[in-house]
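Engineer: Pasting a structure here, questions to come.
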Amino acid sequence: RVHGYNGMTDPEIKGYKPRLRAMGVQARARAWTLSKAFGAFSLLYEASLCVIEKKRATSDATNHALAGCFTGGALGAHAGGVSAACLGCVGMAAFSFIIEKVMHGGQ
């Protein structure tokens with residue numbers, strides 16, 4: 001098992017309901033860790049968005065792209081160095097920009 005839940009693929013667990021139960025146990029065991037990681041990500045993104053909006057004195061999709069770049073770059077640098085930081089910056093900036101445009105109708 002590399003990532004995820006192995007309840008559905010574990011050959012020792014027979015039947016649909018026992019496999020579903022095993023996946024629930026595994027999900028419950030990882031829930032706190034995953035929620036802390038999501039909270040840290042959200043805090044970093046929203047704090048950077050707040051600073052950027054304050055400095056630029058405007059609220060637009062560019063702010064979200066800049067906040068996404070900062071967040072993705074910071075998390076990438078923490079996880080794997082310069083190349084991961086660059087990829088994280090570009091990926092999160094694009095994702096944040098597109099989501100902002102879709103959610104707010106291209107304003």
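Engineer: Can you tell me which residue within segment 66-91, out of those that are of a type in the set (A, V, I, L, M, F, W, C) and buried (at least 21 other Cβ atoms within 10 Å of the Cβ), is farthest from the chain's Cα centre (by Cα)?
Structural biologist: Applying the filter and picking the extreme gives L66.
Engineer: As an exercise: evaluate A61 against (1) closer than 18 Å to M103 by Cβ; (2) among the small types (G, A, S); (3) without any contact (Cβ under 8 Å) to a residue 24 or more places away in the chain and give the number of the one condition it does not meet.
Structural biologist: For A61, the failing item is (3).
Engineer: In segment 18-54, which residues are open to solvent by 90 Å² or more (accessible area, probe 1.4 Å) and under 18 Å from the mean Cα position of the chain (by Cα)?
Structural biologist: Across segment 18-54, the qualifying residues are W32, K36, F38, L43, E46.
The values are calculated or read from the model by the stated rules, or taken from the named source; none is laboratory data. Quick caveat, the model's predicted, so the values are computed rather than measured. Quick reminder, even Gly has a Cβ in these numbers, built from the backbone with ideal geometry, and neighbours come from all protein chains shown. For the accessible areas, the whole protein counts, side chains as well, though only heavy atoms, and no ligand, DNA or RNA atoms are used. Shrake-Rupley method; radii C 1.70, N 1.55, O 1.52, S 1.80 Å.
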